[in-house]
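The values are calculated or read from the model by the stated rules, or taken from the named source; none is laboratory data. Model, not experiment: these values are computed from the prediction. In case anyone asks, the SASA skips ligands and DNA or RNA and just uses the protein heavy atoms, side chains included. Shrake-Rupley method; radii C 1.70, N 1.55, O 1.52, S 1.80 Å.
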Amino acid sequence: LHNGGFWKPKSLLDTARFTLSFNSRHRKNHQDSRALWKHEAVQKYLETLSKEYQQISHLLNADSINDFEQRTLRRRCADLSPIASAFQEIKEAEKEVQELEAMCKELDSRDEKQLLELALEEKETLDKKINMMCRKLFQLLVPKEKYDKSHVILEVTAGRTTGGDICQQFTKEMFEMYQNYADYKRWTFDIVNYTPAEIGGLHHAAAHISGDDVYKHLKYEGGTHRVQRIPETGLSSRMQRIHTGTMSVIVLPQPEEVDVKVDPKDLRIDTFRAKGAGGQHVNRTDSAVRIVHLPTGLAVECQQERSQLLNKDIALRTLRAKLYQRIIDKQLSQEQSARKLQLGTRAQSERIRTYNFTQDRVTDHRISYDARNIKEILDGKEALDKLINRLLEFAEMEAVTEYLESLQAVEGGGC
């Protein structure tokens with residue numbers, strides 16, 4: 001661990017040589033934490049970190065290192081401690097499972113049936129515990145994304161379909177779903193813009209959502225959502241004909257003031273009368289604000305507040321978020337993201353999820369996940385949270401897999 005009197009952590013490749021073959025077929029087998037945990041390369045990597053933690057702990061108890069080395073070692077020890085602890089806990093739990101499995105093989109007589117049932121019940125509990133600990137371990141391994149703790153601007157826009165107002169109605173249901181989800185997660189949901197459709201639906205809406213880890217949970221909601229249903233009104237409803245429509249979701253991390261500097265000279269600010277639902281002030285005062293960023297052509301507007309100053313402030317925040325998103329997209333295009341998740345580019349044209357009302361099924365195409373009971377998903381509570389957490393878990397597994405692949409590439413290049 002010492003190199004000329006200066007400590008630095010050993011490279012993984014110096015201590016754990018392994019070969020990976022995480023092609024698309026293998027990725028399908030690593031969609032959960034437990035399966036990835038069992039991979040030989042992962043085990044070797046964790047063994048290496050565990051040994052490094054033990055070596056550092058031993059060095060910290062020695063008197064031969066100076067203050068600078070001690071500070072460096074303590075920082076590294078603090079990083080490795082939770083990983084080594086989780087790794088050891090899982091190993092011990094797996095040992096218990098093996099002992100229970102061996103005992104179950106011996107308990108096959110009628111007199112021991114009750115004892116066998118207890119052993120199987122305990123094994124099931126341990127399996128759930130191991131799955132949970134594996135997820136926690138990989139969360140420790142995966143580097144935290146810069147924007148995960150950010151607040152967000154969420155926008156929904158109705159797509160187009162032939163006949164009926166299916167898209168507008170679905171867009172309204174989706175916006176309400178995210179509003180309910182914000183309430184479920186105890187976030188703050190402030191509507192920035194709301195443009196209703198003529199027959200009870202929604203053309204476009206935007207909201208500022210603030211709270212703990214908002215972007216982390218909503219970042220994979222961006223994209224095109226497809227609906228398949230029989231309209232409740234009109235000719236199609238009488239003919240029992242299924243219509244297909246779409247709506248799009250954009251999720252932008254909300255920057256702080258210091259993240260994006262906007263020169264007032266680059267802005268054109270227009271005021272106009274608010275339209276749509278909004279109370280007595282609608283069409284009576286020029287409270288609505290539209291801001292155009294001249295260098296980029298980006299335009300945002302806000303008409304939800306009665307005060308023109310409040311609407312201007314909200315519109316400026318939205319504009320900064322959109323400018324910030326351009327910076328993020330540029331960064332992501334310049335480097336390979338660790339979270340592929342098979343999400344594509346999250347462009348508006350990419351279909352990420354289908355809501356089939358006739359079959360009462362929601363399908364997330366990125367992780368081949370089906371959920372029954374659309375009503376529970378659209379309620380925006382536990383069922384939606386479960387789906388979002390499946391996406392996050394799959395993203396974590398992709399990140400770990402890609403990290404190990406990058407190590408293999410380094411090894412293959414002789415670095």
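With respect to the cross-link table entries K330/K381; K123/K144; K149/K172; K129/K381; K91/K144, which display a Cα-Cα separation exceeding 29 Å? Walk me through the intermediate numbers first.
Details: K330/K381 34 Å; K123/K144 33 Å; K149/K172 27 Å; K129/K381 24 Å; K91/K144 25 Å.
Exceeds cut-off: K330/K381; K123/K144.
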For K381, K312, give me the order by solvent-accessible area with a 1.4 Å probe, most accessible first, ignoring ligands, DNA and RNA. K381, K312
Can you sort D385, D364 by solvent-accessible area, 1.4 Å probe, largest first? D385, D364
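Leaving ligands, DNA and RNA out of it, rank H151, H243 by accessible area with a 1.4 Å probe, largest first.
H151, H243
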